[in-house]
Amino acid sequence: MKAVVMAGGEGTRLRPLTSNQPKPMVPVVGKPCMEHILELLREHGMSDVIVTVAFLPQAIRSYFGQGESLGMQIGYSVEESPLGTAGSVRLAAKQLDETFLVISGDALCDVDLSKLVAFHKEKGAAVTIGLKSVDNPLEFGIVVTDEDGRIERFLEKPSWGQVFSDTINTGIYVLEPEVLKHVPTDRPYDFSKELFPYLLEMGRPMYGYVMDGYWQDIGNLDQFRTANFDALEENVRLNIPGIRIRGNVWLGEGVEIGDLEQIEGPAYIGNYRRIAPGATVGSHSVLSNSVTLRERTRTTRSVIDASTHIGRSSLIEGAILGRSCDIRGHVRIHEGVAIGDEVTIGAESVIMPGVRIYPYKEVESGSHITESVIWESRASTRLFGTDGVAGLVNVDLTPEAAVRIAAALGTALKRGARVAASRESAPACRMIKRAMITGLTSAGLDVADLRVLPAAVARHLLKTEGYEAGFHVGTSQADPEVVQIKFFEQPGIQVSAALQKEIEKNFTRGELRRVGFGDIGSISYPARVRESYAQDLLDSLDVESIRTRGFRLVVDYGFSAASFVLPLLFGPLGVEAVSAHGFTTDRTDSGPTLLREAIGQVKQLVPAVGADLGVVFDAAAERLYIVDERGREIPVEQALLLFLRLIGSNGRRGKLAFPITVTSHVDALLEGTGLEVVRTPASLGDLTKAAAEEGVIFAGAVGGGYVFPEFLPAYDAIASLCKLLELLAPEPGPLSRLVAGLPASTLVHRQLPCPWALKGVVMRVMTERLRDRKLDLMDGIKVFEERGWAQILPDPDQPIVHIYAEGRTEEDSKALEAEFRAMVEEIMQTEGAAATA
C-alpha cells in the first residue's frame, strides 16, 4: 500500500525555526519530525512513499534522498504553485492507482495505521479520516460521526458554541484513488474545507475512525516544545537514536562527558556532544548532534539544534535554539525564547522571555534584549581583529572558513607568490593550517610549510628569502579554544591595513581566484630554517660578551616551539639553562592560568638553582616574562622600562617606537640619551610598521612584547631574551638592583562596555567637549593636563571603550580615570535615551 506524506508546509507560526527550513524538517529528539512519520509508515508495511513538497523542497530531498537509508522507496511531487492539501495529492494522482494513505509530515504521532486501513476496508469507504479526541478542539476541524463511524458533518475551527464533539481531524486519511477525480486542477483545493464536504453532499461513503495513541500537531513553538518533551517522557513511541541509560536519558555516539551525574533525566544527548566539566544538562533538555556546553553552563527544558556552541557560565532555560548558533560566555536565555539558525549572542547578554531572534543575526555583548530581533542585524564585513583572524575552532573558525580566508589572501597576491606557514602544537592549529595551505594552493600560490615552529622563524624567512607573505596559526592567550591566524608581509611585519582590506573584500564578495589543474601551487618543506634563523641571530649579537658573563637561566618554554630553537643558541652563547615545559603534542591547553602557573614555578626555581634570572615564554614564543634572581616577577610595565634603561646606558643612537598608550616614563627615562621616542597608534600592526622604518632600533608595548627590528621587525621572545642577555652582560650588579632603580608606573586601564551604535557618538561628543584642551588625536582622544593624561580609545573588535589614565601619583591616575569614565557614561546614558525616545 502506498502512502502520501504531505510536506509542503511553510510553518509561519514556527518561525524563526522555519525561516530557512520547511516545517516537516524541524527536529524532534534529534530527527526531523518527518523522519519519525516515515519510520511509522515503514513499521506498518508502507515503504512505498510519495512526498509532496513546496517550500524549500531541496532541504527535504537532500536529507531523505530516495529513501535508501530508511529502507524505503521515496518519490517526490513538487508544487510549482500553491495547490492546497487536496491539490498537492492530486498532482501525484498518476502514481496512485489503488487505496492509499495520506499523512502530514509535520504532526508527530504513533497511532496504529494498520487498524485505520483495516477499518476503511471493512466499511467499504471512499474516505476514512483518522480522528483523535483532544481537550481543546478549537484550533482544529471537528468531525461529527454516527454510532457506526459514518461522518455526518464537518466544522472547521469552531467556536465553543459550535463544539458538538471533541474528535478532531488529524490530517491522516485513507482514500480511494477515484476521489481525486473531483479535485480541480486549475486552482488550490483543500481536503477538509472543500473536497470532503463535497463528497459528503454527494452521499459518498465517508467514515471517521477514532484512533488510540499519541498525536500532536507541531503548528507553533509551544507545540514544538511539547512534542519534544512528550518524546522524552515516552508519551509517544519513537525510535530515539542512541543508547538509553538510567531509564530516560538517551546518549548518542562519541559524547564527551566527565560524569553522567551531570545529566538529569529525562534528556536527549545527540552524537558527538561535548559537555565540559562543571556543565549540567537539566531535565527535559534536547541537545542535537555536535552541540557543545562549556564549563559551568546549564540547560533545562530547552531544545537546542545541531552544532550550536554555548559558552562558559551560560544559562539556557525553556528556550529553543537553532542550528550552528554561537552563544558566548555568561549569557542568560529565558523561557519562551526562540532563536533561529546561525545567530551569535555576545557575552553577558540577557534574552528576556518570549523574544524571537531570526537567523543570521548578531547580538552585541552585554545586550539586554526585550523585543524580537527580526530585520535588524549587526552583521559585519570585518574579518580581521586587532591581531589577525580569530575565532572558536569549528564554531567561528571552521576548516571551510579557513580555506576561503586563504583563497582570499591568495587572490590578493600574484599567482606564483610564495607564502610561509607555521603553527603551534595544538591539533586544532594543525587542522586550520592545513586548510589554509589548501586554500592558498588552490589560488596558485606556493607554500613553504614550516610545520611546528615559532612565528618569528616564518617571519625571518620573509626577511631573508623574499617570501611575499606568511601566516602563523596559534591559540589565544585569553581562551585556549580560540584559534588565531596571524598574517605578515615583508620584511616580517604585521599585515598592512591595505592588504587586510583586500583580503576582506575577496572573502566577503566570494571573488576568489581558482586556478586550473596544471597551475595548482606547490607545497615544500624547507630544510634548516631553524639553523638559519639561529645563525642570523647569533651574527647580530656580541657573542663573546655573553659567553664571558656565563649566564645561568631558568627557562619555561610554555610548551612552545621555542624549545626547538633556543638550544641552538644557548650552546654558542655559553648559557647554562634549567628548562621546563618544552614542546609536546600531549599538552594542548594554554591561556592565562597556565601562564601564571609557569611564572609561579619559575619564581621558585630561580633562587633554588642560583640562576641569574628566569624567563617564561607564551605559547606563541612572542612574549617574554622575566623573573629576577631573587625569584620576584618583574611586572611587564617595568620590564619595558628595563629594556629602555639598558639600551640608553650602552650609548646606542636611534629611534624607539611605542604605542600612544604606553607610560610617559619612557620619555623621562630616555631624556638626555640621544634616543628619540616615536609614538604609534595602539595596534601591533602600526607598531611593527614603525619598527621597520629606517633608524628604529627598538619597539615595545606593555604586555611582554619587544621588537629588535635590526634583526626582525616583530615580537620575538627568543630574540628578546638573547638581546636582554647582551644588554645585561656588561652590567656588574644583579638584575634586582637594576629593577629597583626603575620608576613605578601609575598607569590605570579600564574597559567600559559601550554599544557599537554609541561608539561614534561618544567620540564625537567627547571631541566637542574637550576641543579647548591639549589633545592628541593620533588614536582615540588623548588629553593632557597638569595632573597627567587620559585617553579614550574605542575597541575595534568588542563593544568596549578603553580608558587609560596616568597621573603623577596613583591617586591622580584614579581620579583622572574616574573623571573621564563618568563623562563617557553620561554621554552613553543621555544619547542612548535620546535614541530610544
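The values are calculated or read from the model by the stated rules, or taken from the named source; none is laboratory data. For clarity, every value in this text was computed on a predicted model and none was experimentally measured. When we count neighbours, we look across all protein chains shown, and the Cβ atoms used for this are built from the backbone with ideal geometry, even at glycine. These area figures cover heavy atoms from the full protein model, side chains too; ligands, DNA and RNA do not enter into them. Shrake-Rupley method; radii C 1.70, N 1.55, O 1.52, S 1.80 Å.
Partners of K774 within straight-line reach, counting lysines whose Cα lies under 19 Å from its Cα and excluding those fewer than 8 residues away in the same chain: K782.
Placing +1 on the Cβ of every Lys and Arg and -1 on the Cβ of every Asp and Glu, with no other charges, gives region 368-518 a dipole of roughly 540 debye about its Cα centre.
Farthest toward the positive end of the dipole of the chain, out of V707, I74, I245, is the Cα of V707, where the dipole comes from beta carbon charges about the Cα centre.
Return one quarter of the surface area of the convex hull spanned by the alpha-carbon atoms of region 695-837, equal to its mean projected area, in nm². Result: a mean projected hull area of 11.5 nm².
Within the accessible area of region 422-569, the carbon and sulfur atoms contribute 48%, probe 1.4 Å, all protein chains present.
For region 180-268, the set of trypsin sites (Lys or Arg not before Pro) satisfying both a DSSP loop assignment and a count of at most 16 other C-beta atoms within 10 Å is given as R237, R246. Full extension of the segment from R246 to D112, taken as 0.36 nm per residue of separation minus the current Cα-Cα distance, would add 45.4 nm. Since only T475, A534, V565 are under comparison, the one whose Cα sits farthest along the positive direction of the charge dipole of region 451-583, derived from C-beta charges on Lys, Arg, Asp and Glu, is T475.
Rg over Rh for region 184-266 works out to 1.24, using Cα positions for both radii and the Kirkwood form for Rh.
Nearest 5 percent is fine: what portion of the DSSP beta bridges confined to region 221-376 is antiparallel? Around 5 percent of the beta bridges assigned by DSSP in region 221-376 are antiparallel ones. If you wrap the Cα atoms of region 437-556 in a convex hull and average its projected area over all directions, you get 10.6 nm².
Each Cα pair under 8 Å and six or more residues apart adds its separation to the average, and for region 1-150 the resulting relative contact order is 29 percent.
In this structure, the residue pairs whose Cα-Cα separation is over 23 Å, taken from K433/K463; K2/K121; K486/K655; K31/K361; K23/K193; K655/K723, are K486/K655; K31/K361. Each residue, E80 and E147, gets one label point 7 Å from its Cα in the Cβ direction; the gap between the two is 5.3 nm. Protein-only accessible surface at a 1.4 angstrom probe places the residues S372, S560, S69 in the order S69, S372, S560, largest first. For region 671-764, a Kirkwood radius taken over Cα pairs fed into Stokes-Einstein (10 °C, viscosity 1.306 mPa s) yields D = 97 µm²/s.
Taken per residue, the accessible surface of the chain reaches 41 Å², heavy atoms only and a 1.4 Å probe. Of all beta bridges that DSSP places with both ends in the chain, some 45 percent have antiparallel geometry. Of the solvent-accessible surface of region 325-378, computed with a 1.4 Å probe over protein heavy atoms with every protein chain present, carbon and sulfur atoms account for 48 percent. If the segment from E576 to F784 were pulled out straight at 0.36 nm per residue, it would be longer than the present Cα-Cα gap by 70.1 nm.
Globularity index of region 258-343 is 0.92 (Cα radius of gyration / 2.2 N^0.38 Å, N = number of residues).
Computed over protein heavy atoms with a 1.4 Å probe, the carbon and sulfur contribution to the accessible area of region 625-738 reaches 47%. For the chain, averaging the sequence separation of C-alpha pairs within contact (under 8 Å, six or more residues apart) and dividing by the residue count gives a relative contact order of 6 percent.
Estimated from helical segments only, the mean residue ellipticity of the chain at 222 nm is -8500 deg cm²/dmol, where each DSSP H run of four or more residues counts as -39500 (n - 2.57). Within region 656-799, antiparallel bridges make up roughly 65 percent of the DSSP beta bridges whose residues both belong there.
Rolling a 1.4 Å probe across all protein chains gives M828 an accessible area of roughly 30 Å². Taking 0.36 nm per residue of separation and subtracting the Cα-Cα distance, full extension of the segment from R771 to E10 would add 268.2 nm. Within the same chain, aspartates and glutamates fewer than 8 places from K414 are excluded, and of the rest, those with a Cα less than 12 Å from its Cα are D446, E468. Just so you know, the averaged projected area of the alpha carbon convex hull for region 315-466 sits at 10.3 nm². Note on E256 and I374: their simple-model spin labels are 4.0 nm apart, each label 7 Å out from Cα toward Cβ. Restricting the trypsin sites (Lys or Arg not before Pro) of region 759-837 to loop positions (DSSP other than H, G, I, E, B) with no more than 12 neighbouring Cβ atoms within 10 Å leaves R771, R773, R808.
Given a Förster distance of 51 angstrom, what is the FRET efficiency for N239 paired with K193, based on the Cβ-Cβ distance and rounded to 0.05? That pair, N239 with K193, gives E of 0.90. Around the Cα centre of region 638-770, unit charges on the Cβ atoms of Lys, Arg, Asp and Glu (plus for the first two, minus for the last two) sum to a dipole of about 400 debye. Measuring how big region 422-502 is from its alpha-carbon positions, Rg and Dmax come out at 12.4, 35 Å. What translational diffusion coefficient, to the nearest whole µm²/s, does region 66-127 have by Stokes-Einstein, given a Kirkwood radius computed over alpha-carbon pairs, a temperature of 25 °C and 0.890 mPa s viscosity? For these conditions, the coefficient is 174 µm²/s.
Since only G265, F191, F643 are under comparison, the one whose Cα sits farthest along the positive direction of the charge dipole of the chain, derived from C-beta charges on Lys, Arg, Asp and Glu, is F643. For region 299-438, a crude dipole built from +1 on the beta carbon of Lys and Arg and -1 on the beta carbon of Asp and Glu, taken about the Cα centre, is about 860 debye to the nearest 20. Inter-label distance, V210 to E68: 4.6 nm, where each label sits 7 Å from its Cα along the C-beta direction.
With R₀ fixed at 45 Å, the C-beta to C-beta distance from R652 to T830 puts the FRET efficiency at about 0.30. Straight-distance candidates among the aspartates and glutamates for linking to K123, with alpha-carbon spacing under 20 Å and chain neighbours fewer than 8 residues away dropped: D97, E98, D112, D146, E147, D148, E152, E176, E178, E201, D212.
Compute the separation of the alpha-carbon centres of region 695-773 and region 508-560 and state it in Å as a whole number. Region 695-773 and region 508-560 have Cα centres separated by 25 Å.
Taking region 770-805 and a reference point 7 angstrom along Cα→Cβ of V678, no backbone N atom is nearer than 16 Å.
In summary, the chain shows an alpha-carbon radius of gyration equal to 1.20 times the 2.2 N^0.38 Å reference for compact globular proteins.
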